Amino acid sequence: CIVVTSEEGQFFHKSTADDASTVCGVYILTDPDRRVEVHFDYLDVPCENRGLVSFVDGWELNQQFFPSPEDHPKPLNQRYREFCGQHKVKEVLESSQNAGLIQYRVPGRGKGFSFTVRFPRNPTPCNILLEGKADVYTLRNYRKRVNCSLTTLYPASVKVLSLNVGLQDVEVETGTVHK
């Protein structure tokens, strides 16, 4: 019950069993210069029997996170939003990078939820997840004291074309300092 999508649009899940133990996920991935935006249109997931729907800023699989806790601007406990019950979630949830995840456990036949996915532009991409496209990407930290990361889904060959680390408005060139 794991789905990976790179599509915008509306998605639905309706439980066909009374299984309260299976956790499923919709892994959402878009272009490196975009974010994942999710709006829950409808939620009918009973809180009893451990029913839950959550939005994750990034991806989690087997307790491994992308971006890693060290590379993400938010602490891990602020990267999750959890919901249950029968209501409309009013807030729009947005990832900090080009990957987001909806995890769910829906005990109760006929119960479920729907959500809409959009991919707004990200003017300052820092952590990106790639899906095997051959292309050139630029990562920068936009003068913030943060780590940026590039993670690939499949084994990949990465070639660094240019690297500039730790310089702040000062360039060093053969013993000469320019300001």
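Is there a residue being under 14 Å from the mean Cα position of the chain (by Cα) and part of a loop (DSSP other than H, G, I, E, B) anywhere in the range 42-57?
Start the filter on the range 42-57 by keeping residues that are under 14 Å from the mean Cα position of the chain (by Cα), which leaves 54-57.
Still in the list and also part of a loop (DSSP other than H, G, I, E, B): none.
Checking the range 42-57: not a single residue is under 14 Å from the mean Cα position of the chain (by Cα) and part of a loop (DSSP other than H, G, I, E, B).
So Glu48 ticks every box in (1) among the acidic types (Asp, Glu); (2) at pLDDT below 90; (3) closer than 30 Å to Cys148 by Cα but one. Which box is left unticked?
Answer for Glu48: the failing condition is (3).
Checking the condition at pLDDT 80 or above and in a loop (DSSP other than H, G, I, E, B), which residue from Glu82, Glu91 passes?
Values: Glu82 fails: in a loop (DSSP other than H, G, I, E, B).
Result: Glu91 is the single residue among Glu82, Glu91 that is at pLDDT 80 or above and in a loop (DSSP other than H, G, I, E, B).
Residue by residue, here is whether (1) surrounded by 19 or more Cβ atoms within 10 Å (Cβ to Cβ); (2) among the basic types (Lys, Arg); (3) free of Cβ contacts under 8 Å to residues at least 60 places away in the same chain; (4) on the phi > 0 side of the Ramachandran plot holds:
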{"site": "Leu76", "(1), (2), (3), (4)": "no, no, yes, no"}
{"site": "Arg79", "(1), (2), (3), (4)": "yes, yes, yes, no"}
{"site": "Gly85", "(1), (2), (3), (4)": "no, no, yes, yes"}
{"site": "Val89", "(1), (2), (3), (4)": "yes, no, yes, no"}
{"site": "Asn98", "(1), (2), (3), (4)": "yes, no, no, no"}
{"site": "Leu101", "(1), (2), (3), (4)": "yes, no, no, no"}
{"site": "Pro107", "(1), (2), (3), (4)": "yes, no, no, no"}
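Got at least one residue in the range 109-131 being closer than 17 Å to His13 by Cα and of a type in the set (D, E, K, R)?
From the range 109-131, those closer than 17 Å to His13 by Cα are 109-117; that's our starting set.
Adding the requirement that they be of a type in the set (D, E, K, R) leaves 109, 111.
Looking for residues that are closer than 17 Å to His13 by Cα and of a type in the set (D, E, K, R), one finds at least one in the range 109-131, hence yes.
Take the residues in the range 56-74 that are of a type in the set (Asp, Glu) and surrounded by fewer than 20 Cβ atoms within 10 Å (Cβ to Cβ), then tell me which one is farthest from Lys144 (Cα to Cα). So that I can check it myself, show each step before the final result.
The initial filter retains those residues of the range 56-74 that are of a type in the set (Asp, Glu), namely 57, 60, 70-71.
Those still in the list that are surrounded by fewer than 20 Cβ atoms within 10 Å (Cβ to Cβ) too: 60, 70-71.
Values: Glu60: 25, Glu70: 14, Asp71: 12 Å.
Here the answer is Glu60.
Out of everything in the range 147-179 that is surrounded by 10 or more Cβ atoms within 10 Å (Cβ to Cβ) and at pLDDT 65 or above, what residue ends up being nearest to Ile28 (Cα to Cα)?
Pass one, the range 147-179, residues surrounded by 10 or more Cβ atoms within 10 Å (Cβ to Cβ): 147-153, 156, 171.
Among the residues that remain, those that are also at pLDDT 65 or above are: 147-153, 156.
Working: Asn147: 23, Cys148: 20, Ser149: 18, Leu150: 16, Thr151: 15, Thr152: 14, Leu153: 13, Ala156: 20 Å.
The qualifying residue nearest to Ile28 (Cα to Cα) is Leu153.
So in the range 31-45, with the set limited to residues that are of a type outside the set (Lys, Arg) and within 30 Å of Leu150 (Cα to Cα), which one is surrounded by the most Cβ atoms within 10 Å (Cβ to Cβ)?
Across the range 31-45, the extreme among qualifying residues is Val36.
So Glu70 fits all but one of (1) in a strand (DSSP E or B); (2) of a type in the set (D, E, K, R); (3) under 26 Å from Tyr154 (Cα atoms); what number is the exception?
(1)
The values are calculated or read from the model by the stated rules, or taken from the named source; none is laboratory data. Values in this document were obtained by computation on a predicted structure and should not be read as measured data. Because the Cβ atoms are built from the backbone with ideal geometry, glycine has one as well, and the counts that use them run over all protein chains shown.
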